1. Check region A:64-74 and report whether any residue there is farther than 20 Å from A:Thr167 by Cα and β-branched (Val, Ile, Thr).
2. Residue under question is A:Asp104, and the condition is that it be surrounded by 14 or more Cβ atoms within 10 Å (Cβ to Cβ) and at pLDDT 95 or above; does it hold?
3. Testing A:Arg170 on (1) more than 14 Å from chain B (Cβ to nearest Cβ); (2) in contact with a Leu (Cβ under 7 Å, 6 or more places away or on another chain); (3) modelled with pLDDT under 90, one condition comes back false. Which one is that?
4. Do we have any residue at all in region A:72-94 that's under 30 Å from B:Arg100 (Cβ atoms) and either of a type outside the set (Lys, Arg) or within 14 Å of chain B (Cβ to nearest Cβ) (or both)?
5. Would you point out which residue out of B:Gly52, B:Gly68, B:Gly120 is surrounded by 14 or more Cβ atoms within 10 Å (Cβ to Cβ), modelled with pLDDT of 95 or more, out of contact with any Lys or Arg (no Cβ under 6 Å at 6 or more places or on another chain) and not hydrophobic (A, V, I, L, M, F, W, C)?
6. Tell me which of these A:Leu110 doesn't satisfy, since it passes every other one: (1) without any contact (Cβ under 8 Å) to a residue 24 or more places away in the chain; (2) over 30 Å from B:Phe124 (Cα atoms).
7. Condition first: farther than 16 Å from B:Asn105 by Cβ and either surrounded by fewer than 13 Cβ atoms within 10 Å (Cβ to Cβ) or away from chain B (no Cβ under 14 Å) (or both). Now tell me which residues in region A:117-135 satisfy that.
8. How do the pairs read when you match residues in region B:45-60 that are within 13 Å of chain A (Cβ to nearest Cβ) with residues anywhere that are among the aromatic types (Phe, Trp, Tyr) and in a helix (DSSP H, G or I), using Cβ under 6 Å and keeping only pairs 6 or more apart or on different chains?
Amino acid sequence: MRLSHAGTFAVMVLLLSAMAGCAPVLLGSYVSPGTDFGALRTYNWASTESLATGDPRLDNNPFFHERVQQDVEKELAARGFEKIGTGTPKLRLHYHASVSQRLDLGGTNLPYRACDSCMPFMYDTGTLVLDFVDTRTNTLVWRAWAEESLGGAIDNQEWMEKQIDETVARLLEQLPRGL
Amino acid sequence: MRLLRQFALVALSALTLSGCATLNVSSHVQRGLDFTQYRTFDWGPADALPAGDPRLDKNPGFLDHLEGAVEKELAVKGFERSGTQESADLLIHYHANISRRIDVNQLDRDYGYCYDETCGALVFEYEAGTLVLDIVDAKTNRLIWRGWAQHGVRDVVDNERRMADTINKAVKRMLARFPNGL
């Protein structure tokens, strides 16, 4: 997919509304113009930086971090990317996870009374950003992000794992076609 | 009468919402691990994240109660405190984090204290305390279990008795989720 303006974001935002009252999933990605992914088939992880996620339950939580990494590796293996342990890979990967509160106005901002007991409410969202860096030029060649509401997905380990699986799959679906 | 009812509701909200009075507890665990191999524990060094809060980390009353409660509960579960870090099977550390959060009357609605137009969108900020308990396999240096307990801090941090109570409940409920291999 060719971009019309060099250096501008080609943001494909898919708004998928989930169940009624739930927040949508926000997806987007960026491809650096002219990137030849055919030549960038090996990767390894950048040293894991410890940035706070904004939620103490996830900070330095190996159950969370390892699931993200394993899922990314699985998706990449299925697409023919090779993780290499020694030597310099073509790509270096890292990801950022953060949790924040968002406000949903619940319909109270509508000009007419759409519902009698509309109420605003707060909910937690998780954002996952995945970066591919070209090790030769040390520049970002691809980035994908997803933000979705969390519900109880941190307290419940199985729910968290399932949500990570789905989110990582959605992230990597945004790789340019043919990969 | 309506005014009195409204006042009562507001007063009740203030009470309920004064610091989010529910205790939320959960945990993550390493799957497929044989927990029967662990017999002894000791307190170990904490990593940098999650970040703690000096109101708790530097509060000797808090630390005393917490360490006492954890040691007591582990003893009940059949673990022994080893003499040194080197000889322990498990190393334990904790993080006491405080984060600011916003609520929009949700608790009142959840508890049925208000349900129609009398329930205005009362926006307020509160401080949520999260106590994280990390249990590490001393040989592999891997985290094998993490438990946490969340509670509003406002009424708890300044009141020693209530703080001790909350810590005891939190530690008990957290460690109930630790796989008792014995």
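1. Step one: list which residues in region A:64-74 are farther than 20 Å from A:Thr167 by Cα, which gives none.
No, region A:64-74 contains no residue that is farther than 20 Å from A:Thr167 by Cα and β-branched (Val, Ile, Thr).
2. Judged against the criteria, A:Asp104 is not a match.
3. (3)
4. yes
5. B:Gly68
6. Among (1) without any contact (Cβ under 8 Å) to a residue 24 or more places away in the chain; (2) over 30 Å from B:Phe124 (Cα atoms), A:Leu110 violates only (2).
7. Looking only at region A:117-135, we keep the residues that are farther than 16 Å from B:Asn105 by Cβ, and these are A:124-135.
Correct list: A:Gly126, A:Thr127, A:Leu128, A:Val129, A:Leu130, A:Asp131, A:Phe132, A:Val133, A:Asp134, A:Thr135.
8. B:Leu56/B:Phe62
The values are calculated or read from the model by the stated rules, or taken from the named source; none is laboratory data. Predicted, not measured: the structure shown is a model, and the values here were computed from it. Ideal geometry is used to build each Cβ from the backbone, glycine not excepted, and the neighbour counts take in all protein chains shown.
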